[in-house]
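A short write-up of the structure that comes next.
The values are calculated or read from the model by the stated rules, or taken from the named source; none is laboratory data. Since we're looking at a predicted model, the values are computed, not measured. Note that each Cβ is placed from the backbone with ideal geometry, even for glycine, and that neighbours are counted across all protein chains shown.
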Amino acid sequence: MRAHRKIHRFHVVTATFLSELADPSDFSPASIDARIQAGYDDAIAAYQSIQAKNARLTTVNLMLALEEHFNVEFLDRMLGRRTFGSIRSLSEAIGELLRTAAPPLHAGAAAEARAAP
């Protein structure tokens, strides 16, 4: 395998060709088609990698927003695809956290607790 790098403005583009495709003097239709396919495969792999990173970042942002909104903290065992895979599983996880968490004291409840004998 031979990697070719080209700097295009501020982006580095890397394509990986099989050794039999690395000869720049080979302009046969089969070689050109194979090079196009190799470049396409590299582009798809790069796109999928970026999408996966974006999905992980989106999941973390969602988790943080839910924790803040419901005033809960996801347990370590809940940090996985099973919990964040659907709205239903998220709802069940948040419900579990809300049922097990101590109820927050609002200002009126705190005053009532202090005034009770």
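Scan region 98-116 and give yes if some residue there is at pLDDT below 60, among the basic types (K, R) and not assigned by TED's automatic domain parsing to the domain that holds A55, otherwise no. Yes: one or more hits. The lone criterion from (1) surrounded by fewer than 12 Cβ atoms within 10 Å (Cβ to Cβ); (2) more than 30 Å from A101 (Cβ to Cβ) left unmet by R88 is number (2). Taken across region 61-72, residues that are in contact with a Pro (Cβ under 7 Å, 6 or more places away or on another chain), surrounded by 10 or more Cβ atoms within 10 Å (Cβ to Cβ) and under 30 Å from R99 (Cβ atoms) do occur, with at least one present.
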